[in-house]
Amino acid sequence: MEKDGLTIVYTGKGKGKTTAALGIALRATGYDKKICMIQFIKGSWHYGEMDSSKLLEPKFEMITVGKGFVGIIDDKSPKEDHEKIAKEAVKVSSEKIQSGKYDIVILDEINYAVNLELITVNDVLDLIKSKPNKVDLVLTGNYAKDEVIEIADLVTEMREIKHPFQKGIKAKKGIDF
Ligand code: ATP
Ligand code: MG
């Protein structure tokens, strides 16, 4: 018998949160599961997973709301614009979670969106509390709120021990993006 769906949180300063979520997606497609990943915050960079996710369609679906969150970190548009998109992403997430179409829903960087005060912790708690029992929910991003950690079943904190960035080594294609 399948266990009930889990709420999984990857947080912390160390690298590997989004990578871990993508790892679950890769693993789960091996069992014919359906996965949806909603990206809450992305810079204007191109990420490899935007293309590799297409190779796993229709089992794996990746969604960027609005203009793809272009430039939350590197653009100067007003906070209200980002807020609007983040709220829209919450709405889309809710629809996807409730749709019955997916076994696993990944909310990438949602913790960070709360930390930036684009959405509230209650938005996140509502998504978790209202999820169908069998759906696994994965939330990533640093600064996960205590309330989210409390309600989750599995929480891993990525702790930075070393990062090449400290030596001035820039982000690497296929490893970082
Ligand atoms: P990844 O997407 O590599 O799994 P992440 O999801 O844990 O990283 P984010 O906070 O989403 O981390 O950061 C996104 C980008 O910043 C990625 O390119 C990642 O490699 C890089 N990064 C992650 N952690 C660090 C760090 N401690 N120092 C510098 N850069 C980092
Ligand atoms: Mg990430």
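Just so it is clear, none of the values below were taken in a lab; they were calculated from the coordinates. These numbers were taken from a predicted model, which means no experiment stands behind them. Cβ coordinates were reconstructed from backbone atoms using ideal geometry, including for glycine residues, and neighbour counts include every protein chain displayed.
Report, in debye and to the nearest 20, how large the dipole of the stretch 7-167 comes out about its Cα centre when Lys and Arg carry +1 and Asp and Glu carry -1 on their Cβ. Kindly include the intermediate steps, with their values, before the conclusion.
Values: 24 positive and 25 negative charges, 79 e Å.
Charge dipole of the stretch 7-167: 380 debye, to the nearest 20.
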Exercise. If contacts are Cα pairs under 8 angstrom and at least 6 residues apart, what is the relative contact order of the chain in percent?
Worked result: 38
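Tell me whether the stretch 103-142 comes out rounded, prolate or oblate; compute the Cα gyration tensor, take square roots of the eigenvalues as a ≥ b ≥ c, and use a/c under 1.5 as the rounded threshold. Numbers along the way, then the final one.
Working: a/c = 3.74, a/b = 1.62, b/c = 2.30.
Judged from the Cα gyration tensor, the stretch 103-142 comes out oblate (a/c at least 1.5, b/c at or above a/b).
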Seminar exercise, completed: Applied in sequence order to the stretch 122-129, the curve 6.51 cos²θ - 1.76 cosθ + 1.60 (Karplus, θ = phi - 60°) yields integer Hz couplings, x standing for Gly and Pro, of 5, 4, 5, 4, 4, 4, 5, 5
Exercise. Which entries in the list Lys15/Lys173; Lys42/Lys173; Lys17/Lys79; Lys33/Lys101; Lys34/Lys134; Lys13/Lys33 go over 19 Å, if you measure between the two C-alpha atoms of each?
Worked result: Lys17/Lys79; Lys13/Lys33
Problem set entry | Karplus-derived HN-Hα couplings along the stretch 21-29 (A = 6.51, B = -1.76, C = 1.60, θ = phi - 60°), whole Hz, x at Gly and Pro | 5, 5, x, 4, 4, 4, 4, 5, 4
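Which whole-number percent of Cα pairs in the stretch 7-167 have a distance greater than 22 Å?
Numbers: 5029 of 12880 pairs.
Considering the stretch 7-167, 39 percent of its Cα-Cα pairs are separated by more than 22 Å.
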Exercise. If you average 1/r over every pair of different alpha-carbon atoms in the stretch 1-48 and take one over that average, what Kirkwood value in Å do you get?
Worked result: 12.9
Exercise. Where the centroid of each part is defined by its Cα atoms, how far is the stretch 110-161 from the stretch 1-54 in Å?
Worked result: 14
For this session: Calculate for the chain the 222 nm mean residue ellipticity that helices alone would give, adding -39,500 (n - 2.57) per DSSP H run of length 4 or more and normalising by residue count, nearest 500 deg cm²/dmol.
Result: -10500 deg cm²/dmol
Exercise. In nm, what is the difference between 0.36 nm times the number of residues separating Tyr143 and Lys84 and their Cα-Cα distance?
Worked result: 19.1 nm
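How large is the direction-averaged shadow of the alpha-carbon convex hull of the stretch 108-177, in nm²? Each step should come with its number before you reach the end.
Values: hull surface 25.0 nm².
Projected area, direction-averaged: 6.3 nm².
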Exercise. Given Cα pairs under 8 Å that are at least 6 residues apart, what percent is the relative contact order of the stretch 77-177?
Worked result: 27
